């Protein structure tokens, strides 16, 4: 589902056009507006970082941020005329989501003192004394990314960890991995999808497994977060029809906050610690494992948080879902 007036995308530093967009934004905000020396702004870390870029409806860059291998968020920049409109928060939450997807225990940043409140609203806490960086007062802050473990399984069995990756190098491999994870699910499943295309969760085998999970007994639950349920309805996606028949066990909600709708990834989480994570939902390349609760936990936490903020997919009410 498209945001009202901007969107957030992953930026590839190796691409000249995207690299130029990031550097132009940072030059405007940090060097021109705040007087940061260019040598200080360009610290040489960018090739190893994960970058996000916000664009307006015309495709023009309006904000950016990055996540370093040292588990730090930085270079958060939004053009002056776009501040206060949710762009910064969308960028921040996308970076936090990526840190959780990496399984990091925490993520840190050096906030300009004037921006402390902005970061506190998303759970960051200040620590240590205020310090000066590039002539501006800064405060160290961090966010603890606590893990959520399935207590029903942990009470009766030791946590099995199998970090050997399942194949996700092509569409066929990803489809096979997705089916395998469905087959290994006992009673509960969580699925996050920006878009539901007819290549995903639509095969006879996948639908049979989804139905099995939904009717597997007490506690059976399939939760789906979908940005654009209207598109799935228009396309007569078979998952929608299954949800119509099994509404109590298969529930679909739609994120409504702009920051949540800016989330670019897709994932599947089952109740035995298996997961499939696609950093970019429209590309098959990602990572997956049969049992790896440590890697699954931050994705589960993200899902639960968005689920609480999301709304029932009212566009599907005509089908009594």
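The share of Cα pairs per 5 Å bin across the range 151-319, counted from zero up to the longest distance, runs 1, 9, 18, 23, 23, 16, 8, 2, 0 percent.
Among 16, 94, sorting on how many other beta-carbon atoms sit within 10 Å of each Cβ, with the fewest leading, yields 16, 94.
Normalised by the number of residues in the chain, the mean separation of alpha-carbon contacts (under 8 Å, six or more apart) gives a relative contact order of 17 percent. Among 30, 277, 131, which one shows the highest mean-square fluctuation when the chain is modelled as a Gaussian network with alpha-carbon springs under 10 Å? Maximum fluctuation in the GNM of the chain, among the listed residues, is at 131. Between the alpha-carbon centres of the range 296-318 and the range 62-131 there is a gap of 23 Å. Just the projected area, averaged over all directions, of the convex hull on the alpha carbon atoms of the chain: how many nm²? Averaging across all directions leaves 17.3 nm² for the Cα convex hull. Beta-bridge orientation, the range 151-319: approximately 60 percent antiparallel, per DSSP, counting only bridges with both partners inside. Specify whether the C-alpha gyration tensor of the range 6-144 places it in the rounded, prolate or oblate class, a ≥ b ≥ c being the square roots of the eigenvalues: rounded for a/c under 1.5, otherwise prolate if a/b is larger than b/c and oblate if not. In terms of gyration-tensor shape, rounded.
Orientation-averaged projection of the range 234-283 equals 5.1 nm² [convex hull of Cα atoms, one quarter of hull surface area]. As a test, work out the antiparallel percent of DSSP beta bridges whose residues both lie in the chain, rounded to the nearest 5. Bridges in the chain are about 80 percent antiparallel. The angle between the Cα long axis of helix 293-309 and the main principal axis of the chain comes to about 90°, on a 0 to 90 degree scale. How far, in degrees from 0 to 90, does helix 87-101 lean away from the longest principal axis of the Cα atoms of the chain, to the nearest 10? The helix 87-101 is inclined about 60 degrees to the chain. For the chain, the 222 nm mean residue ellipticity estimated from helices alone, with every DSSP H stretch of n ≥ 4 adding -39500 (n - 2.57) and the total spread over all residues, rounds to -8500 deg cm²/dmol.
In the range 39-103 the Cα-Cα distances spread across 5 Å bins starting at 0 as 4, 17, 28, 22, 17, 10, 2 percent of all pairs.
Read-outs: derived from the displayed coordinates by stated rules, not from any lab. Keep in mind it's a predicted model, so treat the numbers as computed, not measured. Please note: Cβ atoms are built from the backbone with ideal geometry, for glycine as well, and neighbour counts cover all protein chains shown.
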